[in-house]
Amino acid sequence: MTEGEPERKAIEALERRISVLEKDLAISQRNRARLEDFREKNQRMLETVNAELVEALDELKRTQASLIQSEKMASLGQLTAGIAHEIKNPLNFVNNFAKLSEELLAELAEVLQDKIQSLDQEVREDAEDLFRTIRENLAKINEHGRRADSIVKNMLLHSRSGPSARQQVALNPIAKEALNLAYHGARAENSSFNIEIQTDLSDDVGRVECYPQDLMRVFLNLISNGMYAAYKRSLEEDGFVPAIRVSSRRKG
């Protein structure tokens, strides 16, 4: 063995060892990079899964709330129908007797006409004024009795389950009744509820062919949502006056 041969072999062995270590280091670095990439992918996957779980939970909560609301509305419909039926009977008596009283008053005025004409002017004017006042009062009872009867019928229509019959109906009265029911429903739920109501219903709208029960529900939901949104905003913004405007137009 020549002089310096051992040192040369030692250096070569060291170089081979260094080369192996460098390769191991490169492999280790690649593995680390793959591990980091895998960890990032796992993190993104976990975030995606968590987001989907949160969304699914929110959807479940919304569905649950919707089911609860549906049950409440079903119970409310039954309660409304019961109340409306209870109101209907005494209301029929009011309307029928108001109409009968008006007819009887007309007959009484006819019977007493000659005697009234023979009275002193002041007494005769007082009697005629009393007859006129009673006629006006009975006319008001008739008018508002019919109005109440229409409201009760719509309450029954709204609470009834199943499809309604397709028919020709006047559009504006349905809109008015929906507005009235929505307002009084909100007042019954919250006695402090108040909102300015504006109507601009065109006379030329006329009649439409529809399912009255379904159309009433649509109007009632739209108006109720509008009232709720306006009232909620009035609680959040000082000086905001809640109002709802219902208008109708014929556009061909």
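Structure notes:
- Pairs, first at pLDDT below 85 and β-branched (Val, Ile, Thr) in region 134-153, second open to solvent by 40 Å² or more (accessible area, probe 1.4 Å) and in a helix (DSSP H, G or I), C-beta under 8 Å, six or more apart: VAL152/ILE87; VAL152/LYS88
- Among the conditions (1) closer than 18 Å to ARG249 by Cα; (2) surrounded by 12 or more Cβ atoms within 10 Å (Cβ to Cβ), ALA230 misses just one, which is (1).
- Qualifying position, being of a type outside the set (A, V, I, L, M, F, W, C), under 24 Å from SER224 (Cβ atoms) and at pLDDT 80 or above, among LYS61, LYS72, LYS115: LYS61
- Considering residues of region 233-252 that are free of Cβ contacts under 8 Å to residues at least 12 places away in the same chain and not in a helix (DSSP H, G or I) only, the residue surrounded by the fewest Cβ atoms within 10 Å (Cβ to Cβ): GLY252
- Filter result (in contact with a Phe, Trp or Tyr (Cβ under 8 Å, 6 or more places away or on another chain) and either open to solvent by 50 Å² or more (accessible area, probe 1.4 Å) or on the phi > 0 side of the Ramachandran plot (or both)) within region 195-222: ILE197
- The set of residues from region 94-128 being open to solvent by less than 80 Å² (accessible area, probe 1.4 Å) and among the polar types (S, T, N, Q) comprises ASN95, SER101.
The values are calculated or read from the model by the stated rules, or taken from the named source; none is laboratory data. Just so you know, these numbers come straight off a predicted model, no measurement behind them. As a convention, Cβ positions derive from the backbone with ideal geometry for all residues, glycine included, and neighbour counts pool all protein chains shown. Keep in mind that these areas ignore ligands, DNA and RNA; they rest on the heavy atoms of the full protein, side chains included. Shrake-Rupley method; radii C 1.70, N 1.55, O 1.52, S 1.80 Å.
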